[in-house]
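Undergrad: Before I ask anything, let me first share the structure, which is written out below as structure tokens.
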Amino acid sequence: MSASSPGGAPQASVATPPGSLPAAFEGLPRIDLRPGPDGAPPTGRLAWRERCARAAGLAGEADEAARAIIADVRARGDAAVVELTRRFEGRTLDPDHLELEPQRRAEACARVPHDIRAALELAARRIREFHQTQRHPTTGLERDGERLHSRVAPLRRVAVYAPGGTAAYPSSVLMAGIPAKVAGVDEVLLLTPRANDVVLLAAELAGIDRVFEIGGAQAIAAAALGTERVPRVDKIVGPGNAYVTAAKRQVYGLCDIDGIAGPSEILVVADATADAEFVAADLISQAEHDRLACAVLVTDHPPLIDATDAALRRQLVDLPRRELATLALVEHGAAVLVEDRDALARTADEYAPEHLELLVDRPEAMASDLRGAGAIFVGPWTPEAAGDYTAGPSHVLPTAGAARFGSPLGVWDFVKHTSVLALGHRALVEQAKAIVTLARAEGLEGHARAVERRLAEGRGR
């Protein structure tokens, strides 16, 4: 989502006259990766490397601003949160009422229209059902007088961040809050700058315990450090603008975070069997998030590119966020032409998208070989939008190429593993020579003696 200020209110899209498009839109930028006599054209490979090299904005103005905000909150606590909110958001907070009272939350939930409530309840039920399958058992082994275990326990307190204003996403509250409660987290906080009724209903359905009406980098700092009224948390999760993201990165170590989020992205892999209208619709579904969103088509069927461009023009005409979507498609989108099916899969893994759609023949077979994606949407009846709302797996996913090594948010993000070791006398005797030898090889005499003293003559067992 787009960033406007450290306070966290994303910029609204600029209106375009009905039925028109920005003059710059002439179709997706094209990249040809098909090999010629000497391999793929250098210009194509360079253009593709540039598309793959997107980043989540790890430095710059937002980074510097976040550092100053964190220092201020560390020094002045709630007073800094109140002042920064007034400066960046134009909102005056009462320090004694940063947390929403239960009555206000209940009144907000009661105002939500029935159809929205029903949709949120369906989504919450499916998200909970899916994440209940992710619970981790304690693992380990017992043998000959020793017990070694990896004990799993939930975190005590976590914060879910939800943007406010034009970018309020109740679905993200469900997608982050429910896995935390399924994991058994004792207390889940919601941080949101302008809590609307639908977001507060989502918080209720997710089982969120406390809601604080604060946002921006100052909210991240307050939760990571702890203030007079905002308790310190073990982990912060959820999407935010560039300043929120920069603050999350900088407080890592004071607490855990879910990851460094970049703009939303989709890569659609499509062959001759794909419907161009579906391809265009799914590219738009991500492009409408933000002008920095990335929407990429990879195909081995040249006619599909022209058909997709035509479908994009038709579908953008009456899209409420058409200017944002068009800018994203032109500036960060691409239509990539490759040689064959193997190249489709290889190119998808190179990009490592947040969302990967497979609109190809035998999509299940291709999905089984792919590793570099946050979530894979298999076949024409699995639009990315289903993953955003009701399918079940969390839509909080790695972006900016982090799907090469990152995973979707899940129950595993809200637990910690503790190693528990219990050796009997015989087990220590069996390991003692190796322990002492390795300790002295590393120059750690105290380690060696700690074992030898236990096994000295006359020591009890």
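Undergrad: When you check Leu122 against the structure, is it more than 20 Å from Leu397 (Cβ to Cβ), part of a helix (DSSP H, G or I), outside the structural domain of Arg321 (by TED's automatic domain parsing) and aliphatic (A, V, I, L, M), yes or no?
TA: For Leu122, the condition - more than 20 Å from Leu397 (Cβ to Cβ), part of a helix (DSSP H, G or I), outside the structural domain of Arg321 (by TED's automatic domain parsing) and aliphatic (A, V, I, L, M) - is met.
Undergrad: Determine whether Gly443 is surrounded by fewer than 17 Cβ atoms within 10 Å (Cβ to Cβ) and in a loop (DSSP other than H, G, I, E, B).
TA: Numbers: surrounded by fewer than 17 Cβ atoms within 10 Å (Cβ to Cβ): yes; in a loop (DSSP other than H, G, I, E, B): yes.
Yes: the conditions hold for Gly443.
Undergrad: In addition: Looking at Glu364 and the list (1) charged (D, E, K, R); (2) surrounded by fewer than 21 Cβ atoms within 10 Å (Cβ to Cβ); (3) not in a helix (DSSP H, G or I), which single condition is not satisfied?
TA: Failed condition: (3).
Undergrad: Further question: Quick check on my filter: what residues within region 414-433 are among the small types (Gly, Ala, Ser), in a helix (DSSP H, G or I) and farther than 17 Å from Gly446 by Cβ? Working first, answer last.
TA: So in region 414-433, the residues among the small types (Gly, Ala, Ser) come out as 419, 422, 424, 427, 432.
Retained after the next criterion (residues that are in a helix (DSSP H, G or I)): 427, 432.
Passing the criteria: only Ala427.
Undergrad: Could you please let me know if Ala385 is in contact with a strand residue (DSSP E or B) (Cβ under 8 Å, 6 or more places away or on another chain) and either buried (at least 19 other Cβ atoms within 10 Å of the Cβ) or part of a helix (DSSP H, G or I) (or both)? I'd like the intermediate steps shown before the answer.
TA: Numbers: in contact with a strand residue (DSSP E or B) (Cβ under 8 Å, 6 or more places away or on another chain): no; either buried (at least 19 other Cβ atoms within 10 Å of the Cβ) or part of a helix (DSSP H, G or I) (or both): yes.
In short, no.
Undergrad: State whether one or more residues within region 64-80 are part of a loop (DSSP other than H, G, I, E, B), in the same structural domain as Pro170 (by TED's automatic domain parsing) and at pLDDT 95 or above.
TA: To start, the set of residues in region 64-80 that are part of a loop (DSSP other than H, G, I, E, B) comprises 77.
Then keep just the ones that are in the same structural domain as Pro170 (by TED's automatic domain parsing); that gives 77.
Then drop every residue that is not at pLDDT 95 or above, which leaves 77.
Yes; the residues of region 64-80 include at least one that is part of a loop (DSSP other than H, G, I, E, B), in the same structural domain as Pro170 (by TED's automatic domain parsing) and at pLDDT 95 or above.
Undergrad: Any idea which of Val378, Val420, Val429 is surrounded by 13 or more Cβ atoms within 10 Å (Cβ to Cβ), in contact with a strand residue (DSSP E or B) (Cβ under 7 Å, 6 or more places away or on another chain) and of a type in the set (Val, Ile, Thr)?
TA: On inspection, the qualifying residue turns out to be Val378.
Undergrad: Right, something else. Suppose the filter is aliphatic (A, V, I, L, M) and outside the structural domain of Thr273 (by TED's automatic domain parsing); does Ala386 pass it? First the steps, then the outcome.
TA: On the way: aliphatic (A, V, I, L, M): yes; outside the structural domain of Thr273 (by TED's automatic domain parsing): no.
Criteria not met by Ala386.
Undergrad: I would also like to ask the following. Looking at (1) surrounded by 15 or more Cβ atoms within 10 Å (Cβ to Cβ); (2) assigned to a helix (DSSP H, G or I); (3) touching a residue at least 40 places away in the same chain (Cβ under 8 Å), can you tell me which one Leu409 breaks?
TA: (2)
Undergrad: Condition first: more than 17 Å from Thr192 (Cα to Cα), touching a strand residue (DSSP E or B) at 6+ places or on another chain (Cβ under 8 Å), β-branched (Val, Ile, Thr) and surrounded by fewer than 20 Cβ atoms within 10 Å (Cβ to Cβ). Can you find one or more residues in region 120-140 that meet it?
TA: First, pick out the residues of region 120-140 that are more than 17 Å from Thr192 (Cα to Cα): 120-140.
With the extra rule that they be touching a strand residue (DSSP E or B) at 6+ places or on another chain (Cβ under 8 Å), the set shrinks to 136-140.
Now restrict to residues that are β-branched (Val, Ile, Thr): 138-139.
Retained after the next criterion (residues that are surrounded by fewer than 20 Cβ atoms within 10 Å (Cβ to Cβ)): 138-139.
The answer is yes; a qualifying residue exists.
The rows are residues; the columns are (1) at pLDDT 95 or above; (2) closer than 15 Å to Ala71 by Cα.
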residue: Met175; (1), (2): yes, no
residue: Ala183; (1), (2): yes, no
residue: Leu190; (1), (2): yes, no
residue: Ala195; (1), (2): no, no
residue: Ala203; (1), (2): yes, no
residue: Ala206; (1), (2): yes, no
residue: Ala222; (1), (2): yes, yes
residue: Arg229; (1), (2): yes, no
residue: Lys248; (1), (2): yes, yes
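Undergrad: Still on this structure, please answer the following. Any idea which residue in region 141-170 is surrounded by the fewest Cβ atoms within 10 Å (Cβ to Cβ), counting only those that are charged (D, E, K, R) and touching a residue at least 40 places away in the same chain (Cβ under 8 Å)? First the steps, then the outcome.
TA: So the first thing to find is which residues in region 141-170 are charged (D, E, K, R), and the list is 142-144, 146-147, 151, 156-157.
Applying the additional criterion that residues be touching a residue at least 40 places away in the same chain (Cβ under 8 Å) yields 144, 146-147, 151, 156-157.
Numbers: Asp144: 8, Glu146: 16, Arg147: 14, Arg151: 13, Arg156: 13, Arg157: 20.
Here the residue is Asp144.
Undergrad: Gly177 is checked against (1) assigned to a helix (DSSP H, G or I); (2) crowded, with 23+ Cβ neighbours inside 10 Å; (3) touching a residue at least 40 places away in the same chain (Cβ under 8 Å) and fails just one. What number does that condition carry?
TA: (3)
Undergrad: Something else about it: Taking region 105-153, which residues are within 29 Å of the chain's Cα centre (by Cα), at pLDDT below 95 and charged (D, E, K, R)?
TA: Once the filter is applied, which keeps residues that are within 29 Å of the chain's Cα centre (by Cα), at pLDDT below 95 and charged (D, E, K, R), region 105-153 yields Arg135, Arg151.
Undergrad: Within region 280-296, does at least one residue satisfy the condition of being of a type in the set (Ser, Thr, Tyr), part of a loop (DSSP other than H, G, I, E, B) and outside the structural domain of Ser171 (by TED's automatic domain parsing)? Working first, answer last.
TA: Going residue by residue through region 280-296, those that are of a type in the set (Ser, Thr, Tyr) are 285.
Going one step further and asking which of them are part of a loop (DSSP other than H, G, I, E, B), we end up with none.
Within region 280-296, not a single residue is of a type in the set (Ser, Thr, Tyr), part of a loop (DSSP other than H, G, I, E, B) and outside the structural domain of Ser171 (by TED's automatic domain parsing).
Undergrad: Based on what the data block shows, is Glu277 free of Cβ contacts under 8 Å to residues at least 40 places away in the same chain and either closer than 19 Å to Thr399 by Cβ or among the charged types (D, E, K, R) (or both)? Let's see the steps before the verdict.
TA: On the way: free of Cβ contacts under 8 Å to residues at least 40 places away in the same chain: yes; either closer than 19 Å to Thr399 by Cβ or among the charged types (D, E, K, R) (or both): yes.
Yes; evaluated as a whole, the condition is true for this residue.
The values are calculated or read from the model by the stated rules, or taken from the named source; none is laboratory data. On a predicted model such as this, the values are computed, not experimentally measured, just so you know. Cβ coordinates were reconstructed from backbone atoms using ideal geometry, including for glycine residues, and neighbour counts include every protein chain displayed.
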